[in-house]
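Asker: Handing you a structure now.
The values are calculated or read from the model by the stated rules, or taken from the named source; none is laboratory data. Bear in mind that the values here come from a model prediction, so they are computed numbers and not experimental data. All Cβ positions, even for glycine, are placed from backbone atoms using ideal geometry, and neighbour counts span all protein chains on display. These area figures cover heavy atoms from the full protein model, side chains too; ligands, DNA and RNA do not enter into them. Shrake-Rupley method; radii C 1.70, N 1.55, O 1.52, S 1.80 Å.
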Amino acid sequence: QVQLVESGGGLVQAGGSLRLSCTASGRTFSRYAMGWFRQAPGKEREFVAAINWTGSSTYYADSVKGRFTISRDNAKNTMYLQMNSLQTEDTAVYYCAGRVVAGLSSYPRDYDYWGQGTQVTVSS
């Protein structure tokens, strides 16, 4: 079993930056592909970014490409999401997720473990 805990959310003005962290405990984090998803009120959960188990391959939603960067430090069992040039449309609860296979996926159904989420609010 894996437990995922997100941190780093908060309130920021448009154009600002935040860095989210996702710390894992339990089974071997380094063998999991990981992802970030977000869910705004009244909307479905949507894919943000994914990273393979080594960190050598990443994948982004078009809406965040060029602004967000996903990374991981397996020695610290932690994944990150650096978010720059934040927009009001980025306001959502952000979730980290892990899957027991190595490949990248943008589908929530492919992920086996989820954190509780951290709120990101971008004000205009």
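Asker: What translational D, rounded to a whole number of µm²/s, comes out for the chain from Stokes-Einstein when the hydrodynamic radius is the Kirkwood one over Cα pairs, at 4 °C and 1.567 mPa s?
Answerer: 92 µm²/s
Asker: State, to one decimal in nm, how far the label point of Glu46 lies from the label point of Ser7, with both points 7 Å from Cα in the Cβ direction.
Answerer: Taking the two extended label points, one gets 2.9 nm.
Asker: With the Cα gyration tensor of the stretch 62-122 in hand, give its eigenvalues times 5 under a square root as the equivalent ellipsoid semi-axes, listed largest first in whole angstrom.
Answerer: 21, 14, 13
Asker: Nothing charged except the Cβ atoms of Lys and Arg (+1) and of Asp and Glu (-1): what's the magnitude of the dipole of the stretch 68-114 about its Cα centre? Round to the nearest 20 debye.
Answerer: 180 debye
Asker: Put +1 on the Cβ of every Lys and Arg and -1 on every Asp and Glu Cβ in the chain; which of Thr118, Gln87, Gly98 then has its Cα farthest towards the positive end of the dipole?
Answerer: Going by the Cα projections, it comes out as Gly98.
Asker: Once you charge only the Cβ atoms, +1 for Lys and Arg and -1 for Asp and Glu, what is the size of the charge dipole of the stretch 31-93 about its Cα centre, to the nearest 20 debye?
Answerer: Its charge dipole is roughly 220 debye.
Asker: Be a star and scan the stretch 105-124 for residues whose amide nitrogen sits under 11 Å from the point 7 Å along the Cα-to-Cβ vector of Arg19.
Answerer: none
Asker: If you roll a 1.4 Å probe over the heavy atoms of the protein chains, what accessible area per residue do you get for the stretch 51-124, in Å²?
Answerer: Per-residue value: 50 Å².
Asker: If you don't mind, there's one more thing I want to ask. DSSP loop (so not H, G, I, E, B), at most 16 other Cβ within 10 Å: list which trypsin sites (Lys or Arg not before Pro) in the stretch 1-75 pass both filters.
Answerer: Sparse-neighbourhood loop trypsin sites (Lys or Arg not before Pro): Arg27, Lys43, Arg45, Lys65, Arg67.
Asker: Where is the GNM fluctuation largest for the chain (alpha-carbon springs, 10 angstrom cutoff): Ser21, Ser71, Ser56?
Answerer: Ser56
Asker: If I compute solvent accessible area with a 1.4 Å probe over the protein chains, what percent of it on the stretch 1-65 is carbon and sulfur?
Answerer: The C+S portion of the solvent-accessible surface of the stretch 1-65 is 46 percent.
Asker: Given labels modelled 7 Å from the Cα in the Cβ direction, how far is it in nm from Gln82 to Ala61?
Answerer: Result: 2.1 nm between the two label points.
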